[in-house]
Protein chains: 2
Amino acid sequence: MLKDKYSILFEPVKIGPVTARNRFYQVPHCTGMGHVRPQAEAAMRAIKAEGGWAVVSNQETEIHPSSDMSPYAESRLWDARDIPALRLMTNAIHAKGSLAAIELAHNGNHATNLYTRAPSLAPSDIAADYIAPKQARAMDKADIREFRCWHRMAARRAREAGFDIVYVYAGHHMSLPHHFLLPSTNDRMDEYGGSLENRVRLTRELIEETKEEVGDTCAVAFRFAVDEMAGADGMQAAEEGRAVVELLADLPDLWDVNVSDWSNDSATTRFQPEDGYQTPYIEFVKQVTKKPVVAVGRLTSPDMMLSMVKRGIVDFIGAARPSIADPFLPQKIQEGRIDEIRECIGCNICVASDNLSVPIRCTQNPTMGEEWRRGWHPEKIEPKGRQEDALIIGAGPAGLECAMQLAKRGYNVTLAEAGKAPGGRVLSEAGLYGLRAWKRVADHRVYDLQQRANARMFMQSGLDAEAVIELNIPNVFVATGARWRRDGVGRSSRQPIDIDKDMQVLTPDDILAGIVPATGPVLIYDDDQIYLGGVLAEHLNELGHDVILATPASVVSPWTEHTLEQSRIQKSLINRGVLLKTSQKLTGANKAGGVLSCVFTEQEQTLNCGAVVLVTERIRQTALYDDLKARNDAGKINLTTLKLIGDAATPGLIADAVFNGHMAARHFEKDPMIADQEFFRREMVELPAEDMAGMNPKTA
Amino acid sequence: MLKDKYSILFEPVKIGPVTARNRFYQVPHCTGMGHVRPQAEAAMRAIKAEGGWAVVSNQETEIHPSSDMSPYAESRLWDARDIPALRLMTNAIHAKGSLAAIELAHNGNHATNLYTRAPSLAPSDIAADYIAPKQARAMDKADIREFRCWHRMAARRAREAGFDIVYVYAGHHMSLPHHFLLPSTNDRMDEYGGSLENRVRLTRELIEETKEEVGDTCAVAFRFAVDEMAGADGMQAAEEGRAVVELLADLPDLWDVNVSDWSNDSATTRFQPEDGYQTPYIEFVKQVTKKPVVAVGRLTSPDMMLSMVKRGIVDFIGAARPSIADPFLPQKIQEGRIDEIRECIGCNICVASDNLSVPIRCTQNPTMGEEWRRGWHPEKIEPKGRQEDALIIGAGPAGLECAMQLAKRGYNVTLAEAGKAPGGRVLSEAGLYGLRAWKRVADHRVYDLQQRANARMFMQSGLDAEAVIELNIPNVFVATGARWRRDGVGRSSRQPIDIDKDMQVLTPDDILAGIVPATGPVLIYDDDQIYLGGVLAEHLNELGHDVILATPASVVSPWTEHTLEQSRIQKSLINRGVLLKTSQKLTGANKAGGVLSCVFTEQEQTLNCGAVVLVTERIRQTALYDDLKARNDAGKINLTTLKLIGDAATPGLIADAVFNGHMAARHFEKDPMIADQEFFRREMVELPAEDMAGMNPKTA
């Protein structure tokens, strides 16, 4: 049986004074909730525990006002007042039988202290790690003593808040212990700088002091980036990375090892398609320490997990993103429901949420971040009400999700798709270079629907209003998507771009449909500025085209800064020989080529090209919906439900379409007032008692 | 008497059903506090009322979850739960005898609804106004009806929260009424699009409905940008701008008029040195309406204010930034204390705070944003304790502020400066092209110190430790600043840059000191990436040099995006003929010139130049402090206080130095525990009662 095959993954493992009930370990990851949204954070982490993660960690936790990550919504434990918010989380995790871990952090020059206005600290004088007008001060001995004291006090508060595992954190270039470890940020000449032993000193002290303070009841974990993935220019697993592990070997109760920086640790499938990609870097660790080891690498394959444990590479299967895409991944493996796993597609929408200081989102799991606010559970949904049948038109991400959830609720679901295969934009975009893994969004839902007797899918079934009426299904969800504009209207121009008829004009939809640009260079004009323009440039280059990418942005695909991909994209395009024309608007095209105008000076240049691909805005495909609505409003037909969902309602990311389809399914037959109340549920700032409301500000 | 001269400014003025006690009107401005920090917001606004502003407005106030500006900390009035937080503010303003105004806003496609995940709305289908993967949906008639209803309900809640003036807002390209007004964002074909009358329709309805709802007790103000400052490409004051005012003439109770976009309305002195710069655009308004008019333009001169009222240009002196720099500006004019006004320098640090979602800061007024948290008052400070004398070494921004505040507290203050004149970096940077107004930071403090019998300033008085000891003052504040590195170490390289001895290497300090680069192009290498590199490029170009600006950033001076200056800077430099080399690190310099390496590909190029100016990082000037500290620690001298402040402690902005000097003066002789408590005072999220803390997340 499948269950037995994977039983080794469900053995309990001791970590210092505590014991994890199985080998599934949600390593610390950011959520955009933290101290700003503690109830949402607690509810989300509890879902992970419920889904079978034996250890559920929080995220980097500021231990002092001099490590103030505002406006980013991390965890906070500056003093005792922060304990109740964190206790919400530990209580909720314990209630589901799991261990709660906390990642104590002082972010050094990675914290700009914008809110507290405290000085930033670092091993050596150094600029802030963000483009911020602040330099961190080299810590003197008194600073180091104080920092150690803050860390110790934070450990004490962490235990009081109910955590079972307390981290010392040296990873992602984001924490003081890491900054002390790396020669590039530590040029001290005292006993905390120079030799590796000196650079490790602070980490050793922190681990020792944390054990001293809470080690009798809490495990002390050490999170360490063994390799900077910068070759000889950085710390390497085979060199100092290993030496650090050797120096500290059995001192921590657990090693949580990864690679830095964040963009390497959380590599997207676009640039790192292989699951388990960190294994070559971390596999030495268990040879050096007798303590349990956890590692990550976008692990979603149970067989790979099994192999990693059996081969003695790790004791725990670490996960951040796979636990976001499927909080019930452990339970599904334990119950042999492997095919039901909702696999992470490695798109980093989760990372983008945190970078935008808003609650975590996930393309695959639309309930992520909505556990508290809307009461959504990733595996449960309310059974159907009085209605029996639903028709969903369009099998893109919104249509598929809506159909799947309605089928789960028990409706008889008919899903009609005009194309040959289900998936819509997911299917077509997954055909582009680098995005293959995105197809999992469709695969998961198609598989699920195929298992259900109450769901029918029809391909090549483009419907018009008459056909819809003929089907006689009273509840209709229209997910007909959006198509890219062909006239150049977009962020930078509200007027159509003047393009000569002799110039071939293509849209992303044309390229996705396999239309090949004419001979001569192809000019991609990216006024969308999200991800697709850059993907198309790579894709067409890969197909052998001579590609020019012009954009009004100062970099290629600026939005992908949030998914940690921007510099990789620009580097890849330059190395491929794609000609980049940044800070340029396309103002026209004629026989001589595309006419570009500098966004700063309006100076024009004309670039020879044989075709122009316009990536600007999308047009919602609402003709069918409009037709049905007009007839329904006029009383000519009598649909109980007629709802526009996905990109046809509001063009956005695939994640937005999935979310929108999910919400439509949840809200179907629900009292709109109740749905509205959930939408409004939010965390508010505590105010003084009413009689103090008129209080004048305190004056010195 | 001065008081009488300005008495017209202190006449009461009726606004619909309410009366302002004088003509000083703080127009709506953002604070980075809003719904996230309501107590801080209330305390700050109350200080303005106390300082004499007859009307104190809040900031754009989201009226519905589909106008969710997260992560920006604006005001929020989605439903009744938001009323108590806003009532804190109105109560505090009323207690000081002023009127409270609220700017209701639906931000249309300027709101990306990252937190709520609601669809964005707009007159026409259009991309989000930020680089966000979202398009706004064209509102249908039902959407417009709903929006009007939301606005009406928000007005009702605003009155309940205690506001006296309720705004309809069509400015800064940031609100739905504005989007409907502008042809560039409204291509509707129904009665809400096309002719100006149609485009004004929504605004008219909102004003009428707001009056209907609350107009009996509240004034209804209309904030309108009369000119987009884009010539014929946008709305112009002389054309449609005037026509809008004519169409609505006496409908609102008050006209609050300005120019758009935000960067034009809040122009910095660097690009718009003239106070009252909006007058040519708005002066027609009072000819068209009989209702009172308020306008802005960085007005700090009482004579200009007087003239504007006398000439019938405005009824109210509007201010955002001048009221931030000096909340007591009205009171100072009323009391004839004109010389004591702390004039806005037009640096937009206030704007940057809001853009960074942290509480508002001000270069001139270090108490701004600290009224609640630290209990700081811009005009009051605790009298001195037991100590009598203080020595401040260095008359830069930190030293001047510290000296001034200590003198206010009653200490005998000795301020010693090595240079010829007080001001430090403020004085030298104000000598650069475009930054002249920054000198006000020094002027205000020098003037103040000159009035005080207990303060002495000594110029050309560089002190060494022996000289300090000789002075025999037990309390020493060292504000010796920082100097720019000469070795190229900075964000992009932790190793010195290899520069041939034949190449002239200059630092910003050299340029500030008037050293002239050698013949041949001068290559400015800006690895600081804040503002100075771009300023130096303009300055040296202005002096006739052939200038190259290289930077690892993708744009020039990227941080100035926060101060709304970035695109102006880049445009100015290109138009001046400065050669820009973005995304380039400087890796060396030799006889052939500067060697640049692409940050993406490491491809190298060499650019001919005669001198290199390195704008990378700064070195804190702590030699004197270190010397004194060593002697004091060793017991050789016995200083009661020895404190490093300003850039010498932590290099940052001028605003940071002023703040740090201020804090040192406030904390002098204060119990550190109490100072610490203030530092920690903060607004926290309300948690459920203790017995619910273990509650499991709600599941559907």
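Length available on full extension from A:ALA421 to A:ARG337: 0.36 nm per residue minus the Cα-Cα distance, which gives 27.7 nm.
For peptide B:651-660, the mean count of partner chain Cβ atoms within 10 Å of a residue's Cβ comes to 3.
To the nearest ten degrees, helix B:440-451 and the longest principal axis of the Cα atoms of chain B are 70 degrees apart.
Quick check on region A:363-475: take the gyration tensor over C-alpha atoms, sort the square-rooted eigenvalues as a ≥ b ≥ c, and tell me if it's rounded (a/c under 1.5), prolate or oblate. Here region A:363-475 falls in the oblate category. Sorting A:388-398, B:414-424 by average packing, meaning the other beta carbons within 10 Å per residue, from highest down gives A:388-398, B:414-424.
Take A:PHE458, push a point 7 Å out from Cα through the beta-carbon direction, and compare it with the same point in every other copy: 9.6 nm, smallest first. Ranking of A:MET189, B:MET69 by neighbouring Cβ atoms within 10 Å, starting from the fewest: A:MET189, B:MET69.
Could you line up A:ASP233, A:ASP256 from fewest to most neighbouring Cβ atoms inside 10 Å?
A:ASP233, A:ASP256
The packing ranking, built from the mean of other Cβ atoms within 10 Å per residue, places the peptides A:543-555, B:619-631 in the order A:543-555, B:619-631, highest first.
Label positions at A:ASP187 and A:PHE10, each projected 7 Å from the Cα along the C-beta direction, are separated by 5.6 nm. Computed from the C-beta positions of B:ALA95 and A:GLU239, the FRET efficiency with R₀ = 60 Å rounds to 0.35.
In this structure, the residue pairs whose Cα-Cα separation is over 18 Å, taken from B:LYS380/B:LYS408; A:LYS141/B:LYS629; A:LYS5/A:LYS439; A:LYS380/A:LYS670, are A:LYS5/A:LYS439. For A:ASP261, nonlocal amide neighbours, meaning residues 5 or more places apart or on other chains whose placed amide H falls under 5 Å from its own, do not occur.
Once you reduce region B:313-353 and region A:364-425 to the center of their Cα atoms, the two points are 56 Å from each other. Rg over Rh for region B:485-619 works out to 0.92, using Cα positions for both radii and the Kirkwood form for Rh. Percent antiparallel among DSSP beta bridges with both residues in the protein assembly as shown, to the nearest 5? Within the protein assembly as shown, antiparallel bridges account for around 20 percent of the total.
Given R0 = 25 Å, the distance between the Cβ atoms of A:SER461 and A:LEU543 translates into a calculated FRET efficiency of 0.20.
In plain terms, the chain from B:PHE680 to B:ALA80 could stretch by 213.0 nm, reckoned as 0.36 nm per residue minus the Cα-Cα distance. Residue by residue, region B:217-232 carries 3J(HN,Hα) couplings of 10, 10, 6, 10, 9, 10, 9, 9, 8, 6, 8, 8, 6, 10, x, 5 Hz when phi is fed to the Karplus relation 6.51 cos²θ - 1.76 cosθ + 1.60 (θ = phi - 60°); x denotes Gly or Pro. Taking amide H positions as modeled 1.01 Å from N, with prolines and chain starts lacking one, no residue 5 or more places away or on another chain lies under 5 Å from A:ILE473. Dividing the mean sequence gap of close Cα pairs (under 8 Å, 6+ apart) by how many residues region A:548-605 holds gives a relative contact order of 34 percent. Separation of region B:23-97 and region A:263-291, taken as the distance between their Cα centroids, equals 49 angstrom. Amide H contacts of A:GLN504 (H built 1.01 Å from N, in plane; Pro and chain starts excluded): A:VAL612 sit under 5 Å, all sequence-distant by 5 or more or on other chains. Placing a label point 7 Å from Cα along the Cα-to-Cβ direction at B:ALA418 gives distances to the equivalent points in the other copies of 7.4 nm, listed shortest first. Taking the centroid of alpha carbons for each part, region B:126-199 and region B:522-539 are 41 Å apart.
Is the shape of chain A rounded, prolate or oblate, going by the alpha carbon gyration tensor and its root eigenvalues a ≥ b ≥ c, with a/c under 1.5 for rounded and a/b larger than b/c for prolate? Here chain A falls in the prolate category. The convex hull built on the alpha-carbon positions of region B:601-692 has an orientation-averaged projected area of 14.9 nm².
The modelled label-to-label distance for the pair B:ARG311/B:LYS591, using points 7 Å beyond Cα in the direction of Cβ, is 6.2 nm. Note that region A:333-348 has calculated 3J(HN,Hα) couplings of 5, 4, 8, x, 9, 4, 5, 8, 5, 8, 6, 4, 9, x, 9, 6 Hz, one per residue in order, obtained from phi through the Karplus relation 6.51 cos²θ - 1.76 cosθ + 1.60 (θ = phi - 60°); glycine and proline are x.
Here region B:2-355 yields Rg over Rh of 0.94, to two decimals, using C-alpha coordinates and the Kirkwood radius.
Multiplying the residue separation of B:GLU388 and B:TYR277 by 0.36 nm and removing their Cα-Cα distance gives an extension gain of 35.3 nm. The relative contact order of region B:485-619 comes to 36 percent, based on Cα pairs under 8 Å that sit 6 or more residues apart.
Working note: Karplus 6.51/-1.76/1.60 with θ = phi - 60° gives region B:535-544 the couplings 5, 4, 4, 5, 4, 5, 4, 4, 7, x Hz, where Gly and Pro are set to x.
In chain A, the DSSP beta bridges split such that about 20 percent are antiparallel, to the nearest 5. When the P(r) of the protein assembly as shown is calculated, the portion above 61 Å amounts to 12% of the C-alpha pairs.
Going from the fewest other Cβ atoms within 10 Å to the most, the residues B:MET459, B:MET174 appear in the order B:MET459, B:MET174.
The mean sequence separation of alpha-carbon pairs under 8 Å and at least six residues apart, normalised by the residue count of chain A, gives a relative contact order of 11 percent. Plainly put, the tip 7 Å out from Cα toward Cβ on B:ALA95 is 3.9 nm from that tip on each other copy, the closest given first.
For B:LYS585, a cut-off of 29 angstrom between C-alpha atoms picks up these lysines, skipping any fewer than 8 places away in its own chain: A:LYS134, A:LYS571, A:LYS581, A:LYS585, B:LYS501, B:LYS571.
Just so you know, all these numbers are worked out from the coordinates, no wet-lab data involved. This one's a predicted model, so the numbers in the text were calculated from it and none came from an experiment. Cβ: placed from backbone, ideal geometry, glycine included. Neighbour counts: every protein chain shown.
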